[in-house]
Amino acid sequence: MNILRPRIVRFAAALLMSVAASSAMATVFKDMSTSAGLIGLSVNNLGYFGNAFSNRNLPSGEYPRHSHVEHIYMGGLWVGARGLDGSLHVSTGAQDANGLQAGDNIREFKDFYDSEHPSNPENFLRRWSNSQNADNYNPAALATEHFEMFSDDYTSLTTGNHVPLGIKARLRVLSWGNPFADDFVILDYTLVNVSGSELRDVYLGLWADTTVGNTQVKDPYDSQAVSKWDYYGGVNGAFGPVGQVDPAYTIPSDPNAWLSYEHDADGDEGMATSWIGFRLLGTNIPPTTVEGKRPVSYNAWRFHGVPERDDQYDNVDNPGQVMPGKYQFMSNGDFDVGETPENNYTATSDWVGMLSTGPFPTWAPGDTLTITFAVVAGADSLGLLSNSKVAQVAYDDGFTIPSGPPSPRLEFGTDNNSVILGWAAGDSLDTQGVVLPVDSPQRSPEHHISLITGREDFQGYRVYRYQGTSLAGDPFRTATLVAQFDRIDGIGFDTGLPSKDENGRRRFVDTDLLDGSPYWYAVTTFSAPDIEAGLPEFESGFNENSNLTYPGSAASDWSEGGIGVYPNPYRAASMFDVHTPSGISEIGRKIWFTGLPARSRIQVFTLAGDLVKTIEHNNANSGQEPWDLISEPVRAIATGLYVYAVTDLDTGQVQRGKLVIIK
């Protein structure tokens, strides 16, 4: 023992130095979320997804996006295996934890960093898009939004119960904007055994703490909020394949599905009625059949019911009782639904669930296992089942989802009671008259080449508008179709396309709006049905270019009038405030400065001359700028009389005025 101890100390010291160097040099990708489809899912390279409601400005698992309806607290990958010495170990990307910091302290997958090769592409986030109009367009992308990031468990120290398995994980996050594929996000894990020794009896799983509610009805971000988030109102369950589970929990039209779900019991006063689910789509090799045991386990437990250890252990509170560990949960073949002698899984509570599959008998060094899940949402149970089936089809087809021309890249401008939309039309030739390659972004959208037919497939544009800050529901149903343009070719309505401005850009002006009111806009493209190829019409995604904008004055040179402020006086609880069931939110208040030059600086002072707020305006397409009534440092503004000064940064000219705030 005394001979071995120095070697162990040296190894531990080397590992500590390696981890410290890795942590110092690695880039941690935490503040990211999907945005192409209707699910806003926080993702990162630390082995977990969701953000435990740690960031009010970043969705955790919001559906639909901009609706304030959250569905996911946190989730993550689990990998369990038996070492050559027979010991059982489980590495987790996330497990039961009260908050993000608590999760950081116990999660066992960390950000991967190859310190020996700093330029290794795997050290960096890959954020691609297969949309030709995207800034990050890459022909290797599989979806409208394609993230790739790496994590590992071998930089985790052997502490307490945890022993790293020696796994490197690549996560691909795929989301689509197409209307028929925008209700799910695919999590595709590629796992490599880098431990140097064989792992046996391997199980792979996805742990998820789901919770459904509307953040404007109940606040999960503020522990002092009057109306607090209800974690205990969830109804959980699962569906399994025909012939493997009770027929009451199968989907006859989708007989091979493994799908867990949650929804809120009372729908949060009708403000959060949507469902969230997790579907096991597949693995690169099938698990080994174990007689009398299902190949997939669905385990559900109440929050903080996670096993304390990786392997079974004695219950210190009840001597002689052996408790199952994480590995036993992953491998038990249970299907926790309905009412059982031990538990009532139909009861509302703060449920946590896990789908796991295995065993994979041997996992040799350097070999790869893959497992793929879909995070699926739906307006109701039927929507969830339907969207889940589309996700399975996408996986089975190698993530090949047919689409038409991408949405154009929009520029937004404003004028009095108007919003101005502009975009490039695209061309088939470059500036030298040379035919552009089929995948050139300069072609899109009007000369986009279909990957299926090899022919141009653009047919027209649709302009959508939605009034309000919360874009609730499916935007293709809740937003108003304010205009449709169809190229004149004998197909469709032949209305013609929008006119072009002097720069050759398409232009659409929406009028008769209310200055200062919030409006969402999106312009989609659609293709014509291709009878020869047997293809239907394809429409691009709403969220590919959707934007929240406020009508108001255009940029001014002050030759005609000066600065305007509205509402002035400002009164709390006016129509310009954000209203919630619990009252008026301090977040969402707005005062508008109008008649601004394209480049200008707004400064607000107290009557005593103290600077309250500085706002920079730099927008040639708009002459207005909002102020959220928050000072610097961040504090709500008190009732009173204030003075403002606006400086034209191009001429140095200054205009001043007064505004009154009554709260």
For region 307-380, run through the GluC sites (Glu not before Pro) and keep only the ones in DSSP coil with at most 13 other Cβ atoms within 10 Å of their Cβ. Glu308, Glu342
Taking Cα pairs under 8 Å and at least six residues apart, what relative contact order does the chain come out at, in percent? 11 percent
Compute the angle between helix 381-396 and the longest alpha-carbon principal axis of the chain, please, reported from 0 to 90 degrees and rounded to the nearest 10. 80 degrees
How about region 135-214: which GluC sites (Glu not before Pro) there are in a DSSP loop, with at most 16 other Cβ atoms within 10 Å of their Cβ? Glu198
State, to one decimal in nm, how far the label point of Asp396 lies from the label point of Thr362, with both points 7 Å from Cα in the Cβ direction. 3.3 nm
Please order Thr27, Thr478 by the number of other Cβ within 10 Å, starting at the fewest. Thr27, Thr478
Taking the Cα centre as origin and putting +1 on Lys and Arg beta-carbons and -1 on Asp and Glu beta-carbons, what dipole magnitude results for region 411-549, to the nearest 20 debye? 220 debye
What does the extension gain come out to for Ala347 and Ala608, with contour length at 0.36 nm per residue minus their alpha carbon separation? 88.0 nm
Sparsely packed GluC sites (Glu not before Pro) within region 416-518, loop by DSSP, other Cβ within 10 Å at most 16: Glu502
Based solely on its DSSP helices, what 222 nm [θ] is calculated for the chain when runs of n ≥ 4 H residues each add -39,500 (n - 2.57) and the sum is averaged over all residues, nearest 500 deg cm²/dmol? -2500 deg cm²/dmol
Pull up the cross-link candidates among the aspartates and glutamates for Lys500, meaning alpha carbon to alpha carbon under 20 Å and not fewer than 8 places away within one chain. Glu411, Asp415, Asp427, Asp430, Glu446, Asp486, Asp489, Asp510
Going by how many other Cβ atoms sit within 10 Å of their own, how do Ile401, Ile488, Ile591 line up, fewest first? Ile488, Ile401, Ile591
Could you work out the relative contact order of region 73-221, using alpha carbon pairs under 8 angstrom and six or more residues apart, expressed as a whole percent? 27 percent
Work from the charge dipole of the chain (Cβ charges, +1 for Lys and Arg, -1 for Asp and Glu, about the Cα centre) and give the residue of Pro324, Gly473, Thr362 farthest towards its positive end. Pro324
Distance in nm between pseudo-label sites at Val322 and Asp246 (7 Å out along the Cβ direction from Cα): 2.8 nm
What list do you get for Trp207, Trp558 if you sort them by fewest beta carbons within 10 Å? Trp558, Trp207
Mean projected area, convex hull of alpha-carbon positions in region 192-308, reported to one decimal in nm², is 11.3 nm²
A chain fully extended from Glu308 to Val438 at 0.36 nm per residue, minus the present Cα-Cα distance, gains in nm 41.2 nm
Mind jotting down the distance between the C-alpha centroids of region 297-368 and region 167-235, whole Å? 18 Å
If you take every residue apart from Gly61 with its C-beta less than 12 Å away from the C-beta of Gly61, what net charge results, scoring Lys and Arg +1 and Asp and Glu -1? -3
Any chance you could give the angle, 0 to 90 degrees and rounded to 10, that helix 5-25 forms with the longest Cα principal axis of the chain? 20 degrees
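All of the numbers you see were taken from the coordinates with simple rules; none came from a lab. Because the structure is a prediction, the values reported are computed rather than measured. No Cβ is skipped: glycine too gets one built from the backbone with ideal geometry, and neighbour counts run over all protein chains shown.
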